[in-house]
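Student: Okay, handing you the structure first.
Every number here is computed from the coordinates shown, using simple stated rules; none is lab data. Predicted, not measured: the structure shown is a model, and the values here were computed from it. A quick note on method: Cβ atoms are made from the backbone with ideal geometry, for glycine too, and the neighbour counts reach across all protein chains shown.
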């Protein structure tokens, strides 16, 4: 009976099993065929026959480099699949790397590669023996992959394989074929220099009929040359109708890293944008457009138009708020504009929080009027920043509704280059200019004050166009350069009032003030959402709305929520305290933070300074030196940049400081009774040149020591030949930070 | 041997308890991460059963009642590990009076240092939304091969109010239960004898969260836990023997060694080549040992049985990579070809506090090769790159080793070397020139310190060696400028590494006109090494240290010594700090000797240690005062 049952069972499942086997078999056959097709595709492009990959030796000048890329070729095709009526991108990359160093050998013994349509590694010994690496023991990798293996062209999961018998002097020659389905367009800005030298490299783009392709090279990279013979179509056939662009580059040195470098302006790079046929670009459906530049003015109207659509919901809310506040009737233009900006900021944060809560699955706002009526997470500030085209569209619309004329500016941030260098859409930002105030306004984030400058835009170039002319064709675009930031726009100020205690530890009362870039980078440390939004609502709600909120506040359900939020605020405040304590530890020999208070958050125009007062205790500044005390006084200005000798001697690139800035320190130190400071003359320093300054003054009045230091980076960008001037200042600041004085009884 | 698998187990335990806060405050939370939730009650129940094939299996059921202590939202995550010899079943959570099945995410576990293992992670989470919220979490882990049974710990990443371990031992099972570290934490133990089971219950209350502190010793060294060794079981009248003693353990290891399939013919030529010019046996042994160190890269595969079975010598040789077992086996085969008595050797590194009185796989995590020459044993660890002969790595010193011995085995303890064997010693001679200290320096590295430096060099491109050496010697201090007279090299590991240089130090002199304040110290070792008051676990150093430095200062013409810092000499069985500055014939001589003699500082040592560090700090800051004559 039992045997019969087993037989029956086998009989029943056998057809299924067979069918599953057939299915699996068909899949394997299909996979194999696809793999072979891709392998042929690779061989047709630069496979075994490509003589450029026969190179086996590195030029003598690179013999001491850990690795040398003997040859690498990147071939990307933007293709049309006429059968499926679709578009896709197919890539082939082949690299041949020579291992010259033991450390590199250890790195390459575990070789990483991405899931690809076809992939292979060949291991070549110095005597020419070749061996294909068997990948059957490869394992999937989910953790970090060394940066060497990532590229800008391919995004797939990684595997790793241990390479047997790898020795110094060996070559690994590997390739991959891959396809990418981009949802929209391809925008690529990529250097052609790397952390290793390259003997020869080709970057090839094949562009199928109807695809749009914009390309160029910069900073000394060789130009793309169009190959009259054409490129390869989706079936691997060489056809003249496929446009081929080739960049050939030889003897590319390894990148040399330097601090304060805008790599897009200094390293040889390519910029490429590929748009599938019929893409909506520059105000129309484009086909077959191939250019080595783009006209950014053509992108103006579509960007603002899509911004208007995206911002429609918030626009309605803010418009209502502005009406209830009677903004249109305000007399002072400046106040009116600033109110519009801050109201838009409030509704943007609120909307973003609702959105965030929605995607997290926890409804955040039970009552849209009041920010405090939350039922979900308000643990911490989430940084929100509005897309600049959305901001420009909304803000200019709101200004217009409130009778303020404005112009929209289209700007290329300096780290991307200048207007004529733009190839991709991501290089463009938008803002709003109000001529009557002669002032630029930049996109919103949680904290930005309307009077703040945007240091990314300072000194950048672009165009501006009047809002009223937006819908007309044939507008005139005025060229514009955004004023560069001054050292006085970005100030970090630290004031310490120090009392030395009997045990030589310090009681410190400190006030920190930040503007501009410094404010931006400290906002999220010191501020948090709940009180911010409470103040925003208080400032930017009409009396009628406030009354409505008050009525809501009397509800039992609200009181419960309010109570819970108060507890959360307490815990958040404790969190902040610890965060600030950790931050202070970075600069001072902090023992304990007693308390802190945000004196001003700098989010409204009447005060754009972020100011914090903190009381803390510190130790380790004073130590016994024989019968006296030694005071590690230089440490009070915190860690300074330490240039090494090589860096001091040589600068190869323009110094891109990002923004001009000032760092001020002011210390008032009450010494223990009966002590007098000696050696303070060494604290008086004055290095001041056209580009930078470090000035310090030390005075003693009774038992009070007063020290003021100012460190200034006067320019946002400095030519490399002026490097020594910056070095002079940096070395002075470092020297000050190392100074010690003696306190004698 | 499953290389490092036992170490990994500790990592696993860390991860089991790891919870990641959902919000950006993670770095700076005030309610500390481990305090955000507590486990009010944890219960682990281990039962044994026979599967359909009458093989012994075990089921561990873990339940935890977890309560949120934060008003903020908190993501509690749990990663439970399993491998080819275990599986995770039935994960449920009970929250808001509803019990739900949890669908975990399963993925391979990746660990630094292990290329691939069979270890998998079963990951699940619960988001706590408010303070006081409770969740009851439950999961079951089935062990299908009881050689690989996990040790049972009472503690967790989070604080536990009440932790209970219940072991139900059926009458047909002979189980060896070992209680470890019960003298450090004191669980209560009770036994109930039932008709068919003996039920052992252990409980421990108010347990602090584990893995709180930097440098915390492994749990196996400081926390109470149980190791369970099933010795034998009965199926009907049949008695099935498992591992009962070290002989059984060795028997299992030996059965794997029998399956290796070494074919050492291909190695003969290499062995001849390596030894042909050598007449001294030690030179021959060295040449083979060093060749394996230098030419076989350590790449660890811990996949299933390969975690315990050495790879054949020919495969490791051809691949030029292997794990500790493969490298030890290759070394052994090459030495045998050269005519030496070489044997495979199992051991647990210093991470593992057990010895072979516990017949468990948990005792071992490493394999080396032992050569018996002239009746003496030389322990060769080819994974220890740049180690010279007899320079045993700190991690294997003093550890018990299980060595092949014909059909049997022998157990031997690897010698512990004196602390002074691992030394970094320096000599600096300074004079004063325009308020700067100038002179020459020489630093010598010996023993493990030398191995460490050579290994570091091997991991960075040769182009960067000089920069590395300068940065190491100057302690990354811009005030200390060096000019090397000789370049570091990896060529000869049998001699000490010596680096000599010209040295200039700025900002080490305060010139007050009639007085000079001079400080010769620039390394300040252990200056910031106080143990915080709130620390509640011992501190484990990475090894034993011996640092010795002498600096001299020529007193300038026309000046005299007015003050010298008071010497320190703090010595005990765990550490020693001896710092002094003396005047000898117009020269000031600063001598520094620091010795870390024992790897673990216990809580009871902290107070004296902190006082010592405070004095050391004061000494480092104190000044030599010179006055004009």
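Student: Stretched out fully, how many nm does the piece from residue B:412 to residue B:591 gain, at 0.36 nm a residue minus the Cα gap? Walk me through the numbers before you get to the answer.
Tutor: Details: separation 179, 0.36 × 179 = 64.44 nm, distance 3.93 nm.
Once the chain is fully extended between residue B:412 and residue B:591, it gains 60.5 nm.
Student: Among B:520, B:512, which comes first, then next, by fewest other beta-carbon atoms within 10 Å?
Tutor: On the way: B:520 20, B:512 16.
Placing the least packed residue first, the sequence is B:512, B:520.
Student: With the crude spin-label approximation of a point 7 Å out along Cα→Cβ, what separation in nm comes out for residue A:403 versus residue B:41?
Tutor: 7.2
Student: Counting pairwise Cα distances across region B:246-417, what percent come out greater than 29 angstrom?
Tutor: Details: 1827 of 14706 pairs.
Roughly 12 percent, once rounded to a whole number.
Student: Output the Kirkwood hydrodynamic radius of region B:420-628, Cα pairs only, in Å rounded to one decimal.
Tutor: Values: mean 1/r = 0.0540 Å⁻¹.
Result for region B:420-628, one decimal place: 18.5 Å.
Student: Grab the Cα-Cα distance for residue B:529 and residue B:566, subtract it from 0.36 nm times how many residues apart they are, and report the gain in nm with one decimal.
Tutor: Values: separation 37, 0.36 × 37 = 13.32 nm, distance 2.10 nm.
The residue B:529-residue B:566 span can extend by a further 11.2 nm.
Student: List residues of region B:350-377, by number, whose backbone nitrogen lies under 12 Å from a label position 7 Å along Cα→C-beta of residue B:231.
Tutor: B:359
Student: Over chain B, calculate the relative contact order: mean separation of alpha carbon pairs under 8 Å at least 6 apart, over the residue count, as a percent.
Tutor: 10
Student: Rounded to the nearest 10 degrees, what's the angle between the helix A:312-325 long axis and the longest principal axis of chain A, both from Cα atoms, 0 to 90?
Tutor: With rounding to tens, the tilt is 20 degrees.
Student: Right, something else. Evaluate E = 1/(1 + (r/R0)^6) for residue A:481 and residue A:573, where r is the Cβ-Cβ distance and R0 equals 60 Å; express this FRET efficiency to the nearest 0.05. Walk me through the numbers before you get to the answer.
Tutor: Numbers: r = 44 Å, r/R0 = 0.73.
Once the sixth-power term is evaluated, E becomes 0.85.
Student: Per DSSP H run of n ≥ 4, the term is -39500 (n - 2.57); total these for the protein assembly as shown, divide by its residue number, and report the mean residue ellipticity at 222 nm rounded to 500 deg cm²/dmol. Can you show the working numbers first?
Tutor: Details: 23 runs with 319 residues, N = 1374.
Result for the protein assembly as shown: -7500 deg cm²/dmol, rounded to the nearest 500.
Student: Please report the relative contact order for region A:38-134, taking Cα pairs under 8 Å with a sequence separation of at least 6, and give it as a percent rounded to a whole number. Intermediate values should be presented prior to the final figure.
Tutor: Numbers: 105 pairs, mean separation 23.4, N = 97.
Computed value for region A:38-134: 24 percent relative contact order.
Student: Moving to a separate point now. On C-alpha positions alone, give me the angle between the axis of helix B:281-295 and the longest principal axis of chain B, in degrees, nearest 10.
Tutor: 70
Student: Counting partner chain Cβ atoms within 10 Å of every residue's Cβ in B:461-471, what's the average?
Tutor: Mean partner-chain Cβ count within 10 Å for B:461-471: 3.
Student: Going by C-beta contacts inside 10 Å, put B:313, B:122 in order with the fewest on the left.
Tutor: B:122, B:313
Student: If all Cα-Cα distances of chain B are sorted into 20 Å bins from 0 onward, what percent lands in each bin, rounded to whole numbers?
Tutor: With 20 Å bins starting at 0, P(r) equals 16, 42, 33, 9, 1.
Student: Moving on. Using all alpha carbons of chain A, what is the percent of pairwise distances in each 20 Å bin, ordered from the shortest bin to the longest?
Tutor: That works out to 13, 34, 36, 14, 2, 0, in percent per bin.
Student: Moving on to the next point. Rounded to the nearest 0.05, what FRET efficiency is calculated for residue B:99 and residue B:357 with R0 set to 60 Å and r the Cβ-Cβ distance?
Tutor: Details: r = 44 Å, r/R0 = 0.73.
Step by step, r from the Cβ atoms, then E = 0.85.
Student: A follow-up question, please. Could you please tell me the mean projected area of the C-alpha convex hull for the protein assembly as shown, averaged over all directions and given in square nanometres to one decimal?
Tutor: Details: hull surface 250.7 nm².
So the Cα hull casts an average projection of 62.7 nm².
Student: Estimate the FRET efficiency between residue A:700 and residue A:190 by the formula 1/(1 + (r/R0)^6), using the beta-carbon distance for r and 60 Å for R0, to the nearest 0.05.
Tutor: Details: r = 58 Å, r/R0 = 0.96.
With a Förster radius of 60 Å, E is 0.55.
Student: Count the DSSP beta bridges whose two residues both fall in chain A, then state the antiparallel fraction as a percent rounded to the nearest 5. Let's see the in-between values first.
Tutor: Working: 155 of 175 bridges.
Taking every DSSP beta bridge with both residues in chain A, the antiparallel ones total about 90 percent.
Student: Could you list, bin by bin from short to long, the percent of Cα-Cα pairs of region B:484-589 in 10 Å steps?
Tutor: All Cα pairs considered, the percentages come to 9, 30, 30, 23, 8, 0.
Student: Further question on the same structure: If each of residue A:420 and residue A:132 carries a label point 7 Å out from its Cα toward its Cβ, how far apart are those two points in nm?
Tutor: My value for the distance between the label points is 5.1 nm.
Student: Counting other C-beta atoms within 10 Å, which of B:306, B:410 has the fewest, and how do the rest follow? Working shown, then result.
Tutor: Working: B:306 20, B:410 16.
By the 10 Å Cβ count, ascending, the order reads B:410, B:306.
Student: Considering only C-alpha atoms, what is the centroid distance from region B:482-557 to region B:82-153, in Å?
Tutor: Centre-to-centre (Cα) distance: 48 Å.
Student: Now for a different question. Report, as an integer, the average count of C-beta atoms from other chains found within 10 Å of each Cβ along B:318-325. It would help to have the intermediate numbers written out before the result.
Tutor: Values: counts 2, 6, 8, 8, 1, 0, 0, 0.
The mean count of partner-chain Cβ atoms within 10 Å per residue comes to 3.
Student: For Cα pairs less than 8 Å apart in space and 6+ apart in sequence, what is the mean separation divided by the residue count of chain A, i.e. the relative contact order in percent? Show your work: numbers first, answer last.
Tutor: On the way: 1478 pairs, mean separation 67.2, N = 745.
Once normalised by length, the contact order is 9 percent.
Student: Now for a different question. Using only Cα atoms and rounding to the nearest 10 degrees, what angle (0 to 90) does helix A:556-587 make with the longest principal axis of chain A?
Tutor: Result, in degrees: 90.
Student: Could you work out how far apart the two model spin labels at residue B:87 and residue B:583 are, taking each label as a point 7 Å from the Cα in the direction of the beta carbon, and quote it in nm?
Tutor: Label-label distance for residue B:87 and residue B:583, simple model: 8.2 nm.
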